[in-house]
Amino acid sequence: MTNSLSLRVRLTIVILIPLLMIAALVGAWAYFDAQSRAAERFDRSLLSTALAISRDIAVTGGDALSEETRDLLRDTSGGSVFYHVYAPDGVFVTGYATPPISSKANAQDLSQFYYDSTYQDLPVRALRFTQSMSIDGWSGLYTFSVWQNTAVRDGFVQSRTRPTFLIITSMIGALAVIVWFGVRFGLTPLIDLEEAIARRSADDLAPIKRRIPNEVSGIVGRLNSLLSELSRTLDAKNIFISDAAHQLRNPIAGVLSLAESLQNAQTLEDAKSRGADLLDAARDTGKLANNLLTLERARATPQPESLKPFDAVVVLNALADRFQPRADVRGIRFTSDLSAQSAQLFGDKVLFEQAILNLLHNTLTHGGDDLDHITLAAQVDDRNLTIDVSDNGKGIAPQDHEKALSRFSQIGPSLGSGLGLPISKAIVEAFGGAIALQSTAGTFNVRLSFPLALKV
């Protein structure tokens with residue numbers, strides 16, 4: 001797996017990129033604002049110079065320019081200005097011989113306009129305007145052209161924007177350094193948290209309790225939940241291993257003893273008898289192992305793929321059909337009252353089946369000699385599915401109900417493993433329901449209550 005960027009780098013990038021974009025926008029605004037102001041300023045200077053030239057031409061007839069006007073030509077807004085004047089008949093009056101050409105198609109129709117052009121292969125900004133005058137008897141529209149190298153204007157723009165760019169660059173650089181080291185300082189609590197977690201061992205799964213920033217409280221909370229769940233899972237596994245070792249030790253020893261006795265059988269008939277006993281012992285051991293696994297599965301965190309909605313009434317009808325032949329073989333009357341049309345549950349369908357089958361099988365195993373009637377009934381209300389498994393066998397005394405729901409507990413001598421009711425209890429609790437034992441005169445009833453799945 002490739003390493004992603006560190007949190008420090010990510011935060012620095014996240015903070016600096018927007019600032020760089022803002023700085024670029026501010027720099028662009030400053031540049032275009034300086035250009036606009038420079039264009040306005042230099043255009044006014046060109047106009048002032050052109051008006052001064054036209055005034056002097058009107059006074060001297062084009063023979064000379066005043067000292068003030070020559071000063072304007074030499075240093076208008078920081079650079080020399082060139083000029084050209086010609087009479088109404090196109091005769092050159094004064095100034096430089098070839099003014100820059102305008103590319104405007106309707107230039108002749110305008111009394112005054114600015115334009116960009118070239119003069120001696122250099123870019124210039126020019127102003128051309130016409131004025132009605134009378135010089136030496138020649139009256140009409142005289143055309144005045146003044147122009148200036150744009151390098152002067154560009155230099156002015158640079159002089160205005162360079163300090164702005166320098167300030168922005170300095171601030172971004174300083175901010176980058178501050179953010180880089182500031183983020184490092186701000187991440188100190190996370191580094192301390194990492195070190196605290198690193199000091200943990202596999203035997204220490206207690207929740208993390210220390211002062212942490214609010215921004216990571218959710219992560220630590222999730223981690224604590226995971227640690228608690230992991231601790232519960234490990235405890236459950238340890239209990240399961242302990243129970244399995246304790247409960248399987250005697251059955252396995254019995255299987256080994258029967259296997260050895262089978263090996264030492266003297267006759268064929270003796271071998272068959274011992275083989276039958278060995279088979280029964282192996283089946284009981286296998287059933288006990290399966291019950292242990294079922295109990296562990298019911299108590300463990302369910303796998304998401306096993307949690308699906310299903311119709312419990314359909315499952316109950318199928319279970320009743322499967323159980324009917326077993327009751328018939330024992331000569332026991334089995335009645336199912338499953339009048340409910342539908343009951344949608346959400347969970348593990350296989351475990352639900354196991355819970356009901358355990359109760360039905362318990363009636364046959366622990367009902368006693370007087371057992372002759374078993375009933376399976378279901379009722380549905382707005383929020384719950386209630387299932388009753390009842391029989392008229394010997395039942396369980398009310399004072400023994402809590403003991404009967406405990407693992408490996410048996411009420412008197414029995415052939416069972418003591419896991420039937422605990423398995424059903426664990427399963428119904430996994431569904432978010434409850435189990436209750438009821439003993440009345442001549443009837444023992446186990447009631448399971450399952451919450452219905454929410455309708456989408």
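Here are the numbers for this structure:
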{"read-out": "For Tyr119, residues with placed amide H under 5 Å, excluding near neighbours", "value": "Val124"}
{"read-out": "Shape category assigned to the stretch 327-377 from the gyration tensor of Cα positions, a/c cut at 1.5", "value": "oblate"}
{"read-out": "With DNA, RNA and ligands ignored, accessible area of Leu262 (1.4 Å probe; Å², nearest 10)", "value": "60 Å²"}
{"read-out": "Largest to smallest accessible area among Arg211, Arg162, Arg10 [probe 1.4 Å]", "value": "Arg211, Arg162, Arg10"}
{"read-out": "Efficiency of FRET between Gln341 and Asp192 - r from beta-carbon atoms, R0 51 angstrom, step 0.05", "value": "0.25"}
{"read-out": "Computed label-point distance, nm, for sites Arg37 and Lys237 using a 7 Å Cα→Cβ extension", "value": "7.3 nm"}
{"read-out": "Length added when fully stretched, Ala397-Asp204, from 0.36 nm per residue minus Cα-Cα", "value": "65.1 nm"}
{"read-out": "Proximal aspartates and glutamates relative to Lys209, as straight alpha-carbon distance under 20 Å, when same-chain residues fewer than 8 apart are discounted", "value": "Asp192, Glu194, Glu195, Glu229"}
{"read-out": "Chain lengthening between Gln266 and Ser228 when straightened (0.36 nm per residue, less Cα-Cα)", "value": "7.8 nm"}
{"read-out": "Cα-projected label distance for Thr440 with Ala97, points at 7 Å along beta-carbon direction, nm", "value": "13.1 nm"}
{"read-out": "Residues Ala253 and Ser273, FRET efficiency given R0 of 22 Å [Cβ-Cβ distance, rounded to 0.05]", "value": "0.65"}
{"read-out": "Accessible heavy-atom area order of Ile15, Ile57, Ile178, highest first, probe of 1.4 Å", "value": "Ile178, Ile15, Ile57"}
{"read-out": "Cross-link pairs Lys403/Lys425; Lys237/Lys308; Lys349/Lys425 - those with Cα-Cα distance over 19 Å", "value": "Lys237/Lys308"}
{"read-out": "Full-stretch length increase - Leu16, Gln158 - with 0.36 nm per residue and alpha-carbon distance subtracted", "value": "48.5 nm"}
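The values are calculated or read from the model by the stated rules, or taken from the named source; none is laboratory data. In this text, all values refer to a predicted model and were calculated from it rather than measured experimentally. Backbone-built Cβ (ideal geometry, glycine too); neighbour counts: all protein chains shown. For accessibility, only protein heavy atoms count, side chains too; no ligands or nucleic acids. Shrake-Rupley method; radii C 1.70, N 1.55, O 1.52, S 1.80 Å.
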